[in-house]
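Okay, structure first, notes after.
The numbers here are math on the coordinates, done by the rules we state, and not lab data. What you are looking at is a predicted structure, and each value in this text was computed from that prediction instead of being measured. All Cβ positions, glycine included, derive from the backbone under ideal geometry; neighbour counts span all protein chains shown.
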Amino acid sequence: MALKLGAYTACLHDRPLAEALDVLKGNGLTSVEVNTGGFIPSPHCHVDLLLSSEQARADYLGEFSSRGMELTGLNCNGNPLNPLPGVGPKHADDMRRSIELAGALGINNIVCMSGTPGSDPDAKYPSWVVNPWDGVYMDVLDYQWDVAAKFWSEIDGLARANNTRMAIEMHPHNLVFSPVTLKKLVDLVGATNVGAEMDPSHLMWQGMDIVASIKWLGPLVFHSAAKDAAITPGVDIRGVLDTSFERVPAEAEGKVPTGYGFWCNSWPENPGWRFVAVGIGHDVEYWTEFLRALAEIDPDMAVNIEHEDADYGRLEGLALAAENLRAAAAKI
């Protein structure tokens, strides 16, 4: 067996699925991950149709198999615990529907986020606690972990019933943003079908040792992203926790929604860190060690590129990432 190298198709949402798959195949990739809800739309996976029609599911999977490719994951990244009525309930429903669809399609992993509740039962907005040295924040965390435990106990059971697994991306702004918090959720729930999607980029900019994190989590790593990050000169005055973002103008095109009436913001011009194409922040040798650590856990694991480097066009950046990822895999 060998690691399955592929990509998450969100960077190719400007073209139909068939064309996106041809782009991936042309870059020597065989594994595919598609969006099914949460923060962004799902043009490459028509969830309602696929849930309602066995024939539609067969035809859909045929799009992949006819090209010698495999659908290895559904992606439903969002905040299912957000107290905003236009965000949390929708993202939670998207997650449940993704689980049902994964079961119907025979997909092993759903990439998702743990979510972040408000600070208390009456909170209107989510609240992310990063340094609870002040005792009041322990009260907030106690409440939030209680909310998360109830939700994820349900989700774990639903995933188990549908023979799929929830691969949580350890993403800042979420209760689960590190290996330690991932393990805490699993232990708190007694989960059997909840683990990690190893997206190294978010752990990189937080200063973690990625290979050590993989080895520490061990079999809790279900699925992986190939996404690089680089610490940049702005870190000198910003650090890595920075709020110097700006709202995107209302009339701007291509805004990315995060919920009804809410959008991704613009980064500062000189950030402390940024996402880069695979191989730009860390060299091929680094990625070889990354892949080797994953293969020791599961030699058949899917590793899907997530391209978010603004210095490269979608096709150019994806091609560069694929070239470097394949070069790294060849050295294992």
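Things to note:
- Pairs of Lys residues in the chain, spaced 8 or more positions apart or belonging to different chains, with C-alpha separations under 23 angstrom: 19 in total.
- Size of electric dipole in the chain: Cβ of Lys, Arg +1 and of Asp, Glu -1, about Cα centre, debye, nearest 20: 480
- Spatially, segment 151-192 and segment 55-106 are offset by 17 Å when compared through their Cα centroids.
- Counted charge near Ala149, where neighbours are those whose Cβ lies closer than 15 Å (Asp, Glu -1; Lys, Arg +1): -2
- Rounded, prolate or oblate (a/c below 1.5 giving rounded, otherwise prolate when a/b exceeds b/c) for segment 153-282 by Cα gyration tensor: oblate
- For the chain, DSSP calls about 20 percent of its internal beta bridges antiparallel.
- Each peptide in 291-298, 276-283 gets a packing score, the mean of other Cβ atoms within 10 Å over its residues, and the list from highest to lowest is 276-283, 291-298.
- Shape of segment 2-100, Cα gyration tensor, a/c cut at 1.5: prolate
- Sparse-neighbourhood loop sites, trypsin sites (Lys or Arg not before Pro) in segment 66-106 - DSSP loop, at most 15 other Cβ within 10 angstrom: Arg67
- Anisotropy class of the chain from Cα gyration tensor, a/c 1.5 cut: rounded
- For segment 224-277 versus segment 1-53, the inter-centroid distance based on Cα atoms is 24 Å.
- Here's the picture: charge each Lys and Arg Cβ at +1 and each Asp and Glu Cβ at -1 in the chain, and of Gly28, Asn270, Leu105 the one pushed furthest to the positive end of that dipole is Leu105.
- Virtual paramagnetic centre 7 Å along Cα→Cβ of Ser66, amide N under 14 Å, in segment 18-54: 18-22
- Of the peptides 249-261, 68-80, the ranking by mean beta-carbon count within 10 Å, highest at the top, reads 68-80, 249-261.
- Farthest toward positive dipole pole in the chain [+1 Lys/Arg, -1 Asp/Glu at C-beta], among Val186, Trp205, Phe39: Val186
- Taking every alpha-carbon pair under 8 Å whose residues sit at least 6 apart, the chain reaches a relative contact order of 18 percent.
- Mean Kyte hydropathy of -1.0 or more with a Cα span along the axis of at least 18 Å, helices from DSSP in the chain: 88-105, 135-161, 284-297, 314-330
- For the peptides 160-168, 301-309, 144-152, the ranking by packing is 301-309, 160-168, 144-152, with the highest mean count of neighbouring Cβ atoms within 10 Å listed first.
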